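Single-structure report; data block below.
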Amino acid sequence: MTIKEIFETMDYGPAPESSTEALQWLSDKGGIAGHYINGKWGALRDDFASNNPATGERLAGVTKGTTDEVNEAVKAARKAQPTWAKDGHKRARVLYAIARLMQKHARLLAVVEVLDNGKPIREARDIDVPLAIRHFYHHAGFAQLMDDELPNREALGVCGQIIPWNFPLLMLAWKIAPALAMGNTVVLKPAEYTSLSAMVFADICTQAGVPPGVVNIVTGDGDTGAALVNAEVDKIAFTGSTAVGRIIREQTAGTGKALSLELGGKSPYIVFDDADIDSAVEGLVDAIWFNQGQVCCAGSRLLVQETIADTFYAKLKTRMAGLRIGNPLDKCIDIGAIVDPAQLAQITKMVSENTDGETYQTAAPDGCFYPPTLITGLSPASSLMQEEIFGPVLAATTFRTPSEAVEIANNTRYGLAASVWSENINLALDIAPKLAAGIVWINGTNMMDAAAGFGGVRESGFGREGGWEGLSGYTKPKTSTKPVKPIAAFTGTDAPSDPLDRTAKLYIGGKQSRPDGGYSQAVFGPKGARLGDVSTANRKDLRNAVEAMNAAKGWSKTTGHLRAQILYYIAENLSARADEFANRIKAMTGKSGTSEVDASVQALFSAAAWADKYDGQVHGVPVRGVALAMKEPVGKIGVLCNDTPLLGLVQAMAPAIAMGNRVTLLASQPFPLAATDFYQVLETSDVPAGVVNILTGDHSEIAPHMAKHMDIDAVWSFSPLDFAKQIEAGSATNIKRTWITQNPTTKEALLHATEVKNIWVPYGE
Ligand code: NAI
């Protein structure tokens with residue numbers, strides 16, 4: 001018999017990993033997952049069970065954290081925070097110690113994760129645990145570098161962190177490592193199905209010398225999570241479903257708590273006809289069958305070029321038939337158990353209710369397992385192409401041209417990740433910037449690393465985790481901010497000095513337009529003189545401005561060089577009319593306007609300077625490739641300006657358009673006339689129509705519509721009136737980015753005007 005024949009006839013033999021040590025560890029802990037507060041194990045109550053989904057056996061009891069317990073943990077974190085924030089080197093040493101101890105206990109962590117979650121040991125051992133460890137190593141470095149590299153930023157304070165069950169340890173690492181590195185303390189709530197690896201981690205924290213109160217873990221379910229959201233924390237970092245993300249956005253609205261949301265996805269996996277088909281098929285195994293498809297960035301929508309679709313599906317089905325599904329502790333298993341029977345029931349329901357296309361499934365053992373599934377011939381609008389299934393189910397369709405591929409790929413409310421497969425790097429790099437996604441993998445999939453930011457756009461949430469870009473979510477600028485007092489508009493009774501109608505119109509789509517409602521309001525000077533009238537914008541005018549911003553989408557594709565030139569030109573034209581603007585400001589406010597005009601010209605110069613310098617980075621990631629961290633405009637921004645009549649407008653507009661965004665600015669309510677004069681400056685400065693739109697009117701009338709508008713990507717409020725609650729709650733509709741401040745700086749504005757897209761490209765050996 002030849003060796004080849006032996007290999008061909010060899011039967012599959014299981015290679016199970018032992019669970020003895022992990023089960024012993026659990027029983028030594030009393031078999032109950034409890035809270036870890038202020039460096040000590042707190043209440044241990046058997047409130048609900050954590051089961052092994054692969055066998056249905058009970059693993060441990062879990063304590064459901066009460067509001068009092070959550071508050072106790074937050075109090076401990078609050079007390080520990082100032083000392084923890086003081087010494088970056090000390091933090092680096094502690095994070096490094098955590099990483100080393102996680103390495104030492106890597107096998108225990110991996111087996112506990114498999115028992116609790118049902119994922120294959122191969123993945124927990126080779127992916128989840130090493131990546132979690134890498135996160136602590138990498139962020140030990142950021143702790144060390146913080147003082148030198150981020151001298152103008154400081155910790156937020158206490159961070160409440162809520163994580164899902166799909167990567168219990170990895171999500172914990174993603175949340176805790178950056179927060180700690182930047183000098184924050186944390187209260188973390190694991191998901192109810194998977195609390196156990198967080199307990200091992202808490203034990204490691206004690207061993208690593210983490211000071212009491214710096215890391216607190218409170219177990220429980222959604223009620224415990226809600227208690228944490230409502231506790232006295234400075235930030236909530238959430239990963240989970242879009243539905244819960246929306247609730248959290250509404251609950252934190254107006255509280256001043258920072259928020260990051262990493263939500264669902266329906267990521268496209270695009271295969272062009274010139275792709276290396278075998279590699280692309282193999283990639284799909286990692287895209288949709290990794291972790292049973294319970295991955296927020298799973299390549300769950302296959303878009304394959306029509307000419308190769310049949311061949312591709314045939315090869316894929318052959319590969320699917322070879323996937324081994326069963327006992328997750330078996331080192332040869334590809335697909336393990338679904339996390340819980342409730343999740344299995346949801347996947348089963350979604351697939352069985354579908355009547356579109358053709359379904360191909362392989363077999364799965366009895367129990368909490370779901371077979372690898374491919375559904376071909378779906379229309380792009382089919383619910384399985386649109387809804388997150390969060391299971392091993394691949395929905396597929398075909399496309400003909402690259403532009404059609406982009407159109408289908410972007411036809412979703414999500415925007416987390418995308419994979420592009422083509423041997424033509426020109427094509428791949430042409431497609432990558434066109435995809436609405438926070439992460440794009442070229443000829444690869446599901447690659448993640450501590451050095452590269454992870455996070456989405458649209459309803460996949462906001463904020464990045466990992467890389468330099470992830471640090472801004474756990475820090476704030478050091479500047480102390482003084483609240484600005486609201487100014488009441490001056491009143492008067494004067495008849496207009498000019499019998500002709502001089503009502504300033506709105507500025508929409510590069511044209512001066514009458515307000516939809518046909519109303520206007522008078523503007524008086526400090527001594528009651530009527531200076532003029534401005535239009536009162538309503539909801540319809542806002543909609544028209546959004547349409548105008550849509551029509552100006554080409555602006556985001558212009559070069560930084562061009563945008564800089566236009567900003568310099570605006571500055572030049574404003575400068576030429578400096579006296580006129582200064583007089584106007586004086587007439588409205590009673591105070592000299594000279595320095596404000598000068599500051600506005602400077603703000604334009606600053607934004608112009610940054611337009612071609614606020615660059616991205618190339619992240620070194622430990623795979624055969626690099627991640628290009630590209631700064632992209634957030635899109636269409638609505639702004640409520642403050643009451644510095646001209647500067648308030650310019651300091652929002654300039655950085656926003658410098659980064660390629662389009663803006664609709666609602667001018668100062670008491671002092672709108674400098675804004676309306678500014679139209680002419682824009683008109684003479686080559687600003688394309690629709691890039692800047694200016695409305696005047698009542699802020700409280702427009703703010704809620706701006707916040708809820710489904711086609712605005714971000715809302716900034718610099719208004720001295722408190723619209724935070726309205727704006728942040730309203731933004732939950734389409735998970736907009738919001739920025740509420742009374743002291744905007746150009747540097748902060750650049751951060752809010754951009755979102756980082758990480759494009760992973762093959763590079764080198
Ligand atoms: P979920 O969003 O309900 O749970 C995630 C975390 O939030 C858990 O720790 C949970 O206890 C907590 N939570 C639940 N309600 C809360 C509330 N009102 N306030 C604060 N915290 C709360 O997700 P779930 O139920 O585990 O899964 C449901 C679906 O969500 C899945 O089928 C999947 O489609 C999606 N999902 C997406 C994830 C992602 O990473 N994008 C991760 C987990 C689930």
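None of the figures in this text is laboratory data; all of them are computed from the coordinates on show. Keep in mind that what you see is a predicted model, and the values were worked out from it rather than measured. FYI the Cβ positions are ideal-geometry reconstructions off the backbone, even for glycines, and counts take in every protein chain you see.
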### Query
residue 269's amide H: which non-local residues (gap 5+, or another chain) put their own amide H closer than 5 Å, with H modeled 1.01 Å from N in plane and none for Pro or chain starts?
301, 302, 303, 419
### Message
Taking the Cα centroid of the stretch 91-159 and of the stretch 607-646, what is the distance between the two, rounded to the nearest whole Å?
### Response
28
### Task
On a 0 to 90° scale, report how tilted helix 67-86 is relative to the longest principal axis of the chain, with both axes built from alpha carbons and the result rounded to the nearest 10.
70
### Query
Can you give the % of DSSP beta bridges in the stretch 19-263 that are antiparallel, to the nearest 5?
25
### Task
Read phi for every residue in the stretch 322-332 and hand back ³J(HN,Hα) as whole Hz from Karplus 6.51 cos²θ - 1.76 cosθ + 1.60, θ = phi - 60°, with x for Gly and Pro.
x, 6, 9, 10, x, 3, x, 7, 6, 5, 9
### Task
Report the antiparallel proportion of the DSSP beta bridges in the chain as a percent, rounded to a multiple of 5.
40
### Message
How high is the relative contact order of the stretch 492-647? Use alpha-carbon pairs under 8 Å, at least six apart in sequence, and give a whole percent.
### Response
18
### Query
Short version: ³J(HN,Hα) in whole Hz for each residue of the stretch 717-732, in order, from phi by Karplus 6.51 cos²θ - 1.76 cosθ + 1.60 (θ = phi - 60°), x for Gly and Pro, what are they?
10, 10, 5, x, 7, 8, 9, 4, 5, 4, 5, 5, 5, x, 5, 5
### Message
Can you compute 3J(HN,Hα) from phi for each residue in the stretch 344-357, using the Karplus curve 6.51 cos²θ - 1.76 cosθ + 1.60 with θ = phi - 60°, rounded to whole Hz and x for Gly and Pro?
### Response
4, 4, 5, 5, 4, 5, 4, 6, 6, 7, 6, 10, 8, x
### Net charge over other residues, Cβ less than 14 angstrom from the Cβ of residue 745 (K, R count +1; D, E count -1)
+4
### Query
What number comes out for the charge environment of residue 558, summing +1 per Lys or Arg and -1 per Asp or Glu over other residues with Cβ under 14 Å away?
+1
### Task
Could you calculate the contour length gain from residue 742 to residue 356, that is, 0.36 nm times the residue separation minus the distance between their Cα atoms, to one decimal place in nm?
133.8 nm
### Task
Would you work out if the stretch 544-611 is rounded, prolate or oblate? Take a ≥ b ≥ c from the square roots of the eigenvalues of the alpha-carbon gyration tensor; rounded if a/c is under 1.5, else prolate when a/b is larger than b/c, oblate otherwise.
oblate
### Task
Positive end of the charge dipole of the chain (Lys, Arg +1 and Asp, Glu -1 on Cβ, about the Cα centre): tell me which of 492, 7, 25 has its Cα farthest that way.
492
#### Entry: Sequence-distant residues sharing a close amide H with residue 760 (under 5 Å, placed H)
440, 441, 442, 628
#### Entry: Cα gyration tensor category, rounded, prolate or oblate, for the stretch 19-263 with a/c compared to 1.5
oblate
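Could you please report the charge total around residue 288, scoring K, R as +1 and D, E as -1 over all other residues with beta-carbon less than 13 angstrom from its beta-carbon?
Numbers: positive: 266, 301, 319; negative: 282, 286, 334, 388.
My count for the surroundings of residue 288 gives -1.
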### Task
Could you work out the relative contact order of the chain, using alpha carbon pairs under 8 angstrom and six or more residues apart, expressed as a whole percent?
12
### Query
Considering amide H positions built from the backbone, and no H for Pro or chain starts, which residues 5 or more places from residue 423, or on another chain, come under 5 Å of its amide H?
274, 275, 276
### Task
Rank the residues 422, 379 as a footprinting-exposure proxy: fewest other Cβ atoms within 10 Å of their Cβ go first.
379, 422
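In what sequence, highest mean first, do 630-638, 550-558 appear when ranked by Cβ atoms within 10 angstrom? Walk me through the numbers on the way to the answer.
Working: 630-638: 22.9, 550-558: 15.7.
Descending packing order for the listed peptides: 630-638, 550-558.
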### Query
At 222 nm, what helix-only mean residue ellipticity would the chain give, in deg cm²/dmol to the nearest 500, using -39500 (n - 2.57) for each DSSP H run of four or more?
-12000 deg cm²/dmol
